[in-house]
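The values are calculated or read from the model by the stated rules, or taken from the named source; none is laboratory data. Remember, it's a predicted structure, so these values are computed and weren't measured experimentally. Note: ideal-geometry Cβ built from the backbone for every residue, glycine included; neighbour counts use all protein chains shown.
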């Protein structure tokens, strides 16, 4: 007979404690379960912040026709409103990135959301074009920093296996905010006179105040990343992201320069479309407010699915291949969309879906890719600077369209956005593949 003593639970009758199994990473939402409770709250904060960032941004493109009529603006002046937002966003993004490295991701996130909300509302009170231009520029300070900070916050919770699709899901919040803006725009401009409706649209930009309260109470930085950041003497250092490689000491200068070029190309193409497609649909396709909203629904639906699909593909194919693929497809879609014969508005409706899909899927890998290119101590600084400097330089594209629109037409000038995607493809030649990289 065996002399092995029975386990303690057999002697006491008390069931042995069962260690909980880790959350399954399988299935369509395995990436979300793998984040854990804290990570999911961080995801919610970043998703909500980016959705409302998008909502506040699109108050301008959607009201551009009414603004032009109210203040008597030409195409160049309306394009400048977008350009100044994007240029100042480079300053805001760089500052937010440094703050994220020095004081933490969540505190920087809160500051960016408050900034873009306050100045979006202020735009609704602008008495003249010059004041509107100043308020829109100040809105860019918060607009520039929110995505970079939120993306880093979530990236530091996500494992290498799912980081691409997790950040792609955060990116899809842009389409959600865009859709919300179109819904509100359609309702406001259908019920309120145009001279007041554009102001009401900007006033609804106060919505992010609700998010600020929740984030402050519920979200915190990833503990391991926060500890690593605090231990570094070079946290939040601009000098570090411009340090060239030396013998035995790899630098970040090459990475920073090519990441800026990549961001410039992708965002130059994207913001050209985001800024001018509503005007194109109304002025050259002669669509009503409700008609424009309907056509944009196809574009935004494609964008939402593009973000999610691109997130999976960036994990499956790799960061560089995903960007290369959709840079090519986006350029092809722009040329096709803007060369549809007059009278074929049904084709414009149908092609809006693949256009939105491709121009958004290319963004899905950005959050994971830029996070993986930089070490923890300067991750916010590097990502905030490269993404938003690219956005500021890419702002030249929608402005160029504005000045060319009078002679080429808005549709003809939109083709200029395809050049941006060519620049993005070239930039990848100078950047490494980072799929599967663990963040320290």
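So residue 225 clears everything in (1) outside any helix (DSSP H, G or I); (2) surrounded by 20 or more Cβ atoms within 10 Å (Cβ to Cβ); (3) modelled with pLDDT under 80 except one condition, right? Which one?
Only one criterion in (1) outside any helix (DSSP H, G or I); (2) surrounded by 20 or more Cβ atoms within 10 Å (Cβ to Cβ); (3) modelled with pLDDT under 80 is unmet by residue 225, namely (1).
Looking at segment 132-146, can you tell me whether even one residue there is without any contact (Cβ under 8 Å) to a residue 40 or more places away in the chain, touching a helix residue (DSSP H, G or I) at 6+ places or on another chain (Cβ under 9 Å) and surrounded by fewer than 24 Cβ atoms within 10 Å (Cβ to Cβ)?
yes
Examine segment 64-82 for a residue that is within 16 Å of residue 163 (Cα to Cα) and assigned to a helix (DSSP H, G or I), and state whether such a residue exists.
no
May I ask you to list pairs of residues, at least six apart or on different chains, whose Cβ atoms are under 7 Å apart, with the first in segment 97-126 being over 24 Å from residue 44 (Cβ atoms) and the second being surrounded by fewer than 24 Cβ atoms within 10 Å (Cβ to Cβ) and at pLDDT below 90?
Within 7 Å, the pairs are 98/236; 102/235; 102/236.
Go through segment 190-216 and give me each residue that's farther than 15 Å from residue 121 by Cβ, touching a helix residue (DSSP H, G or I) at 6+ places or on another chain (Cβ under 7 Å) and in a helix (DSSP H, G or I).
Within segment 190-216, 190, 194, 195, 197, 215, 216 meet the criteria.
Are there any helices (runs of 4 or more DSSP H) wholly within segment 326-415 with 3 or more residues that are surrounded by 24 or more Cβ atoms within 10 Å (Cβ to Cβ) and at pLDDT 75 or above, and if so which?
345-361, 366-373, 379-394
Of the residues in segment 167-198, how many are surrounded by fewer than 18 Cβ atoms within 10 Å (Cβ to Cβ) and in contact (Cβ under 8 Å) with a residue 12 or more places away in the chain?
4
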